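Below: the structure, in structure tokens.
The values are calculated or read from the model by the stated rules, or taken from the named source; none is laboratory data. Computed from a prediction, not measured in an experiment: that's the story for all the values here. Please note: Cβ atoms are built from the backbone with ideal geometry, for glycine as well, and neighbour counts cover all protein chains shown. Only protein heavy atoms, including side chains, enter the accessible area calculation; ligands, DNA and RNA are left aside. Shrake-Rupley method; radii C 1.70, N 1.55, O 1.52, S 1.80 Å.
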Amino acid sequence: MSSIKDKKVITIGIVTELTGLSERKIRYYEERGLVFPERTERGTRKYSFSDVELLLEIADKREDGVQTYEIKQDFSNKKKKEDYRDEMLRGQFNAHFNLRK
């Protein structure tokens, strides 16, 4: 079950107010594969509170001079570590309760 923070319900206009980022910059981060809004049937972007937090993190890194490709690599590495950790925990859980996949 996903968290309420992950529900894609916020329009780009509200995201600009929450983050202080321009619509152009937010769309650029989307083009660079750093954030993934959903689209309505009419093409309106919808973001989640998790996306807003991510955009703030991206903005902080950019302010520190980190390039977008470096940010993308960093996010990818974090994801791999989280996936590995989740797989290890699942394995430990299964071993503890003698479960099979």
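Brief remarks on what is shown
- For the range 10-101, the share of accessible area belonging to carbon and sulfur comes to 49 percent (1.4 Å probe, ligands and nucleic acids excluded).
- Projected label distance in nm at Arg90 and Lys25, using a 7 Å step from Cα toward the beta-carbon: 3.7
- Seen against the Cα atoms of the chain and their longest principal axis, helix 68-96 is set at about 20 degrees.
- The packing ranking, built from the mean of other Cβ atoms within 10 Å per residue, places the peptides 87-96, 50-59 in the order 50-59, 87-96, highest first.
- For the chain, accessible area per residue (1.4 Å probe, heavy atoms of protein chains only), Å²: 77
- Rolling a 1.4 Å probe over the protein heavy atoms leaves Phe49 with an accessible area of roughly 100 Å².
- A DSSP coil position with no more than 15 other Cβ atoms inside 10 Å describes the following trypsin sites (Lys or Arg not before Pro) in the range 1-56: Lys7, Arg32, Arg42.
- Of Lys25/Lys80; Lys25/Lys81; Lys7/Lys79; Lys46/Lys81; Lys8/Lys72; Lys8/Lys81, those spanning more than 23 Å from alpha-carbon to alpha-carbon: Lys25/Lys80; Lys25/Lys81; Lys46/Lys81; Lys8/Lys81
- Between the Cα long axis of helix 49-63 and the first principal axis of the chain there is an angle of about 70°, rounded to the nearest 10.
- Per-residue [θ]222 nm for the chain (sum of -39500 (n - 2.57) over DSSP H runs n ≥ 4, rounded to 500): -20000 deg cm²/dmol
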